[in-house]
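Some notes on the structure that comes next.
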Amino acid sequence: MTELLLDATGVAKRYGAVAALRSASLSVRAGEVHALMGANGAGKSTLVKILTGAVHPDEGTILVRGEPYVARSPAEARRSGVVSVYQEPALIPDLDIKSNLRLTGTPLEPFRHWLSELGIADLDMAEAARNLPLATLRVIDLARALAIEPHVLMLDEMTAALPADLTERVLEVIAGQRGSDRSIIFISHRLIEIAAVCDRATVLREGVTVGVVDVTEGSNDRIVGLMLGESAKNLGVRRDGARVAASGPDATPARIAARGLRVGTRLHDVSFELRAGEVLGVVALEGQGQDELFDVLSGSLRPDGGELLVDGTPVAFKHPADAIRAGLVYVPADRAEALLMQRSVRENIALPFSASIRSWGPIPIGREKRKVDEAIAQLQIDTRAAGEVRRLSGGNQQKVTIARWVAGGVRTMLCFDPTRGIDIGTKDQIYALLRQLAGEGAAVLLYTSELKEVQLACDRAIVIFGGRVVAEIAVEDADEPTLLRAAYDLPPDVPMPEEIAAGVLAGDLPSELPGSGPMVSA
Amino acid sequence: MSAMAGAEQAERADTREALGRWARRNTWTLGLIGLLASFILITKLIQPSYSAEAFQGLAIGALPLAMAAVAQAIVVISGGIDLSVGSMMALTSVTSAALMKGQPEAFGVVVVLGVLLLGIALGTTNGTLVVITKVPDIVVTLAMSFVWAGAALLVLNTPGGGSAEWLKGLVSGSILSDWIPRALVTMVVIVGVIWIPLRRSTTGLALYAVGSDRLAAFRSGVSVGRTKILAYALTGLFSAFGGLALTATTGIGSPVPGAYTLLGVAAIVLGGVSLAGGRGGVAGPIVAVFVLALVRTDLTLLGVNSNLSTVVQGTILIGVVMFGSLLTMRRVRR
């Protein structure tokens, strides 16, 4: 049992000036299911990419069964016995399942065996992958990986987007691999699954392996503690008192009221209200349905179910223009999505409100200039390189994406991680601006991947997990540990009993467990 | 007894299902063949004297474009595009014509094989440049189209050269029946011998995989760069076949490329190849070439102004493709 199947030490990877991994290590024994954990940006996905051969490390050694392991592509990784199942299934959409298996040289009989073990009995092998549902594709991908008989199998968020019955079968099969001669690296945001199937967990923080934990009763707290590290202690967050309290239940309807929004397998039941004068934070781990939620609100995705009310009126957006007309404007994390990179600051800011004028005549230049200048002054945009937006710094670009909505007068702003990759000074300015907008009566919905932003900018926060709103937290309580626990759908300060973990295998849904339902602290 | 009958029935149901699936997969090509048949009928109606000889002439005229369409189809299926197909045809055509002129028949065999290798080399150059420089396919192949066209003018600066008689013989006349032109048979044999085994191999799957989803292909262990280069090499090979077809059908080599590049793109779109890659085959484009050629013939027979007839050709192209995407959209919605 002490034989190390995979042994990575001192793995480092830099992207330009950013160190994605500084010194990561990962030791996996034969026959164990090993969890790889870390908060957003901890370097988890970089380490996975290195192991799968998609990225080459700058430093560090990796041994597989004692042999030096160098993988320059997934094909080479597989030849060394390291096989991955990715979040997006690696199946060719235009080829049928049989051809997909042939492409990867997968033996047919073991594949069928694993497929039926995983609970898919009647699969039409001649069907093109494009025509199969995502959940089925993920299970096919897993069965294919198992059929190759790898030494090390890496599963990245394997159970995401799977219905409950398939999740159960998948976890059973994974647990069944314990004690075999292969090992599984299991990546999941669901601590309850980790408790159910994993033997040990390696925790990454800021590109460094900070601990290896035996998964036992009560190890969740240690794992969360390791993921948080120092930041759990220094909670000296600045609080500027001038915060407009969310108005209670009053006569005016909420700016946005979402009721039971559903999108495919990603968003199951999201309900919340956003009122005028408040900044509502949205906290979620990656891929919990927040992307879909913002797409729905900004009009680029139609929900499969549920109701969306703006100012008390039900709406059905067909196009982002409909959302903008209803006063819902969107600030994406990726500036390139919002800006015309080769045009000037002035044109970019003026575009939304000039385009909204319902006339074909010439643009009233004087009025446009006045409004643009006001917005530039309000946001303190550095206009030395105003001729082309792409020459601006990231922070200034993000300010322009906000300014283009502010210039026309904003009612409701949807910000999706607006401070991603921006320097700290600009971040502060953006928080202050969001507060100011709320103070003037706008409503702001702010998704952020940086948990400490919640206390800096928001009035309250909702937490989304697995496509559902699992918690609503008032700003006073929204410190990082609380938010992170909630983001992992852990009940506050209740140690997780072993029975609950076992219950997952017995088929109980996490949402039906005591203490993990929606919690409201006020 | 009854069990056997049951098994037999089940087998028949299986066969029927397999046939049904094959028909569903090849709806587009089957529809095109129907369209081709109706155009042949229309031709017969307009011109009752339309003869087997005229059909042979049609096949001979369509042969170079058919090869260009196959060449383009392969690279587009793998997710690229090659705007130098016409220039590669011109270069290979003049090379073969210049080398064969006044030489013994047997030497022609050497020339043909050499020119096919030249085509592979041209295509490999295109593909390698695309993969290594990471400059978009459309830019690299457009630039290379000027290079190959210039090289063609260096080989022969005016139309000239000659062709071996056996090469001309491969594309003229008919086999078995007057209505089976030899040019058509030659083309089907060449394409069949190269494409069918390739389509069934892992390499062929890799071509479709790279065109369908590069990331998934990479993760499935496909060498994306090598596959792309191979696709371009095959495009070069079929461009060389197209060049040889030009030499064989005209008896000389012409250094100025015809409009084969863009007509080839039109034919593959009409032939059901998705410009986004990953979907389609080579049979559809070949049928499409014949449809386009017949439309032209019909319009000429009807005495329509030849300038107007290109307008009509373009309109038909847009119409058929729009009809196709409407059908696909409806199927998706259902």
Considering the zone a paramagnetic label at A:Met125 would reach in this model (a point 7 Å from Cα along the Cα-to-Cβ line), which residues of segment B:182-216 have amide N under 18 Å from it?
B:200-202, B:205
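Below 11 angstrom from the Cβ of A:Thr401, what's the summed charge of the other residues (Lys, Arg +1; Asp, Glu -1)? Numbers along the way, then the final one.
Working: positive: A:Arg335, A:Lys399, A:Arg404; negative: A:Asp334, A:Glu337.
Result for the neighbourhood of A:Thr401: +1.
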Toy charge model, Lys and Arg Cβ at +1, Asp and Glu Cβ at -1: the protein assembly as shown dipole around Cα centroid in debye, rounded to 20, equals 2980
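What translational diffusion coefficient, to the nearest whole µm²/s, does segment A:4-232 have by Stokes-Einstein, given a Kirkwood radius computed over alpha-carbon pairs, a temperature of 20 °C and 1.002 mPa s viscosity? Don't jump to the answer; show the numbers that get you there.
On the way: Rh = 18.0 Å.
Rounded to a whole number, D works out at 119 µm²/s.
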Looking at segment A:298-451 from every direction and averaging, what is the projected area of its Cα convex hull in nm²?
10.1
When the chain is fully extended, how far beyond the present Cα-Cα distance does A:Lys318 get from A:His56, taking 0.36 nm per residue of separation?
90.0 nm
Within segment A:408-432, list the residues whose amide N lies under 11 Å from a label point set 7 Å along Cα→Cβ of A:Ser393.
A:422-427
Using a Gaussian network for chain B with springs between C-alpha atoms less than 10 Å apart, which of these wobbles most: B:Asn307, B:Asn26, B:Asn126?
B:Asn307
Could you tell me which of B:Ala206, B:Gly236, B:Ser177 has its Cα farthest along the dipole of segment B:51-303 towards the positive end, charges placed at Cβ (Lys, Arg +1; Asp, Glu -1), taken about the Cα centre?
B:Ala206
Calculate one ³J(HN,Hα) per residue across segment B:76-85 by plugging θ = phi - 60° into the Karplus curve 6.51 cos²θ - 1.76 cosθ + 1.60, and present them in order as whole Hz with x for glycine and proline.
6, 4, 7, x, x, 7, 10, 8, 9, 4
Taking amide H atoms as placed 1.01 Å from N in the peptide plane, list the residues 5 or more away in sequence, or in a different chain, whose amide H sits under 5 Å from that of A:Arg200.
A:Val33, A:Ala35, A:Val215
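Sum up the charges of everything whose Cβ sits under 14 Å from the Cβ of A:Ala19, counting Lys and Arg as +1 and Asp and Glu as -1, but leave A:Ala19 out.
Numbers: positive: A:Lys13, A:Arg14, A:Arg22, A:Arg205; negative: A:Asp58, A:Glu59, A:Glu206.
Result for the local shell: +1.
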Phi angles of segment B:153-163, converted by Karplus (6.51 cos²θ - 1.76 cosθ + 1.60, θ = phi - 60°) into ³J(HN,Hα) in whole Hz with x for Gly and Pro, give 5, 5, 6, 9, 8, 9, x, x, x, x, 9
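Stretch B:Arg12-B:Phe107 to full length: gain in nm at 0.36 nm per residue minus the Cα-Cα span?
28.8 nm
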Residue by residue, what Karplus-based ³J(HN,Hα) values in Hz, rounded to whole numbers, does segment B:204-209 have, using 6.51, -1.76 and 1.60 with θ = phi - 60° and x for Gly and Pro?
x, 4, 5, 4, 5, 4
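Using DSSP, restrict attention to beta bridges with both residues in the protein assembly as shown and report what percent are antiparallel, rounded to the nearest 5.
Values: 42 of 82 bridges.
Beta bridges within the protein assembly as shown, antiparallel portion: roughly 50 percent.
Set the bar at 30 Å for Cα to Cα. Now go through A:Lys369/A:Lys427; A:Lys369/A:Lys452; A:Lys49/A:Lys452; B:Lys101/B:Lys134; A:Lys318/A:Lys452 and name every pair that lies beyond it. Present the calculation step by step, with values, prior to reporting the outcome.
Numbers: A:Lys369/A:Lys427 26 Å; A:Lys369/A:Lys452 37 Å; A:Lys49/A:Lys452 28 Å; B:Lys101/B:Lys134 40 Å; A:Lys318/A:Lys452 35 Å.
From the list (A:Lys369/A:Lys427; A:Lys369/A:Lys452; A:Lys49/A:Lys452; B:Lys101/B:Lys134; A:Lys318/A:Lys452), the Cα-Cα distance tops 30 Å for A:Lys369/A:Lys452; B:Lys101/B:Lys134; A:Lys318/A:Lys452.
Roughly how crowded by other chains is peptide A:85-95, in terms of the mean Cβ count from those chains within 10 Å of each of its Cβ atoms? Let's see the in-between values first.
Details: counts 1, 3, 0, 4, 3, 8, 6, 14, 6, 12, 9.
Mean shielding by partner chains, rounded to a whole number: 6.
I'd like to compare B:285-293, B:218-226: which one has the highest average count of other Cβ atoms within 10 Å, and what's the full order after that?
Values: B:285-293: 25.7, B:218-226: 20.1.
Answer by packing, highest mean first, reads B:285-293, B:218-226.
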Any residue on another chain or 5+ positions along whose placed amide H is under 5 Å from the amide H of A:Ser27 is listed here as A:Ala8
Projected onto the charge dipole of the protein assembly as shown (unit charges on the beta-carbon of Lys, Arg, Asp and Glu, signs +1, +1, -1, -1), the Cα from A:Leu228, A:Ala90, B:Val222 with the largest positive-side position is that of B:Val222
Where only alpha carbons of chain B are counted, the Rg and the Dmax (Å)
21.2, 78
Given 10 Å bins starting at zero, what is the percent of C-alpha pairs of segment B:182-334 in each, up to the one with the largest pair distance?
9, 31, 34, 20, 5, 0
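Averaged across A:75-82, how many Cβ atoms of other chains sit within 10 Å of each residue's Cβ atom?
Working: counts 6, 1, 2, 3, 1, 0, 0, 0.
Across the residues of A:75-82, the mean count of other-chain Cβ atoms within 10 Å is 2.
Mind ranking B:246-252, B:175-181, B:234-240 by how tightly packed they are, going by the mean number of other C-beta atoms within 10 angstrom, highest first? Can you show the working numbers first?
Working: B:246-252: 22.0, B:175-181: 13.1, B:234-240: 30.9.
Highest-to-lowest ranking by the protection proxy: B:234-240, B:246-252, B:175-181.
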Quick query: amide H of A:Glu59 versus all other amide H atoms, modeled in the peptide plane; which residues come in under 5 Å with a sequence gap of 5 or more or a different chain?
A:Ala12
Report, in deg cm²/dmol and to the nearest 500, the calculated mean residue ellipticity at 222 nm for the protein assembly as shown, where each DSSP H run with n ≥ 4 adds -39500 (n - 2.57) and the sum is divided by the residue count.
-16500 deg cm²/dmol
Grab the beta carbon distance between A:Val18 and A:Arg72, set R0 = 30 Å, and tell me the FRET efficiency rounded to 0.05.
0.85
Separation in nanometres of the label points that stand 7 Å from Cα toward Cβ, at B:Leu262 and A:Ala474:
7.0
Spin-label point model (7 Å from Cα, Cβ direction): what's the A:Thr216 to B:Lys134 distance in nm?
4.9
Burial ranking of peptide ranges B:156-167, B:62-73 (average Cβ count within 10 Å, highest at the top):
B:62-73, B:156-167
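Each reported figure results from applying straightforward, stated rules to the coordinates on display, with no laboratory input. Since the structure is predicted, the reported quantities are computational estimates derived from the model, not experimental observations. Methodologically, a virtual Cβ is constructed for each residue, glycine included, from the backbone with ideal geometry; neighbour enumeration extends over all protein chains shown.
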